[in-house]
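Participant: First the structure, then my questions, so here it is.
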Amino acid sequence: MTVDICPRDLPIALIGAGGGALALWAQAPVEIAIPVVLLIVLDVRVRRMRRST
């Protein structure tokens with residue numbers, strides 16, 4: 001299994017500010033807002049590889 005994490009092609013500051021504003025507007029706790037913003041900012045891909053036998 002491989003996990004690839006790379007930043008998206010969008011301006012990180014703009015996305016972070018938008019995520020913070022959304023968290024304040026929705027009155028979401030910090031424990032929920034930070035992982036959601038990270039998932040928006042980062043491109044996370046999980047691949048499962050099968051072994052050849």
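Participant: Within region 1-37, how many residues turn out to be out of contact with any Asp or Glu (no Cβ under 9 Å at 6 or more places or on another chain) and open to solvent by less than 90 Å² (accessible area, probe 1.4 Å)?
Facilitator: 19
Participant: Of all the residues that make up region 1-31, how many are under 12 Å from the mean Cα position of the chain (by Cα) and in a helix (DSSP H, G or I)?
Facilitator: The qualifying residues number 4.
Participant: Do any residues in region 23-50 that are modelled with pLDDT of 80 or more have Cβ atoms under 6 Å from those of residues that are open to solvent by 100 Å² or more (accessible area, probe 1.4 Å), where the two are at least six apart or on different chains, and which pairs are they?
Facilitator: Listed pairs, sorted by first residue: 42/5; 43/8; 44/5; 48/1.
The values are calculated or read from the model by the stated rules, or taken from the named source; none is laboratory data. The model shown is predicted, which means the values in this text are computed figures rather than measured ones. Note that each Cβ is placed from the backbone with ideal geometry, even for glycine, and that neighbours are counted across all protein chains shown. Protein only, heavy atoms only, side chains kept; ligands, DNA and RNA dropped before computing areas. Shrake-Rupley method; radii C 1.70, N 1.55, O 1.52, S 1.80 Å.
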